[in-house]
Amino acid sequence: MLASLSGPHVILLGNHKGGSGKSTLAMHIAIALLKSGHRVTSIDLDYEQRTLTRYFENRRISAMTERHPLDLPDHHCVDDMRENGTRWSDSDRIDALSEVLRNCDQSCDFILIDTPGGGSSLNLFAHGLADTLITPVNDSFLDLDVIFSMGPTPETTLKPSRYAETVTRAFEARRSINQQEPDWIVVRNRISPLASRNERGVVEALDKLARGGMFRTTSGLVERVVYREFFPLGLTTFDSFETSLLGVKPSMSHVLARLEVRQLITALGLPIKPEDVPAAGPEVPQEPQDVTAMDGDLRQLPVVQPGE
């Protein structure tokens, strides 16, 4: 079952390498869509780590503990669908994923899929479903090499690696039954607050690749402690900054995190109206000592469109 011309818009977070922030992005995109009035079904295919599933479990607990309403999608973890003690193959998981998609085809506007690292057949199948493929990469050549191989000479630099080949195969399978072209976006993620020569090199390499037409690129989230603090609470930057929920006094870092996530949602170009993207929210009083620490922390590069 590959993506059809009608039905929910499928967003997939994918990268063969772990630790790039797929689940954090997935959580924020899901809540942004819910707060903009859309119906969302989320699917966690990472049956080993289950990070997105735990995130939503934490969110449900926070809502009950604090008696504060928090938006939640219709969430499914693929391996939770099997009977206890049953061992599943990738083929079984593909069947389970297909069943979820059939059941929610008319009941939601967006389907958001978080995938594990690695090049399994389940991952390949899921990539073929994507209307929008989001691939976060850490700001380093080591992570970029997972997508496009980086060599010591110009002749061996920027060649497609296994993940790019996986995406190509998945998109070709999709095109064989669906003329709708998927949108592949590589997101520079977990960005250092401080500019560096390495960062400039990664940006230049991604810009060069984007002009080849395979994908477009934009910047994602700055590396911030607040994102780690959100996880055990199941919160996102779009939730209330009330001290009772956060457990700490909100700071300028919370505000800047909210702004950069909103900028990313806009840059992704999902089929929602710009005015529907959740507002950046009220400002938090800024203490003088915070200004220097956060100066230059919020940085947004322009989106590079394919072929530009």
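Read-outs: derived from the displayed coordinates by stated rules, not from any lab. Predicted, not measured: the structure shown is a model, and the values here were computed from it. We place every Cβ from the backbone using ideal geometry, glycine too, and count neighbours over all the protein chains shown.
Between Glu165 and Leu259, the contour length at 0.36 nm per residue exceeds the alpha carbon distance by 30.4 nm. A crude spin-label estimate for the pair Asn103 and Arg200, with each label 7 Å from Cα along the Cβ direction, gives 5.3 nm.
Close amide-amide hydrogen proximity is noted between Val222 and Ile191, each under 5 Å apart and 5 or more residues distant or on a separate chain (H modeled in the peptide plane; Pro and chain starts excluded).
Put in order of Cβ neighbour count within 10 Å, fewest first, the listed residues Trp184, Trp88 become Trp88, Trp184. Put a dot 7 Å past the Cα of Ser149, heading toward its Cβ, do the same for Asp207, and the two dots end up 2.7 nm apart.
Each residue in Lys22, Lys249 was given a count of other beta-carbon atoms within 10 angstrom of its own, and listing them fewest first yields Lys249, Lys22. Packing, as the average of other Cβ atoms within 10 Å across residues, places the peptides 130-139, 102-111, 194-203 in the order 130-139, 102-111, 194-203, highest first. Taking 0.36 nm per residue of sequence separation and removing the Cα-Cα distance, the Arg60/Arg82 pair yields an extension gain of 5.7 nm. In terms of its alpha-carbon gyration tensor, the range 9-294 comes out oblate; a/c meets the 1.5 threshold, while b/c is at least as large as a/b.
Anisotropy class assigned to the range 205-256 is prolate, per the alpha carbon gyration tensor with a/c at or over the 1.5 cut-off and a/b larger than b/c.
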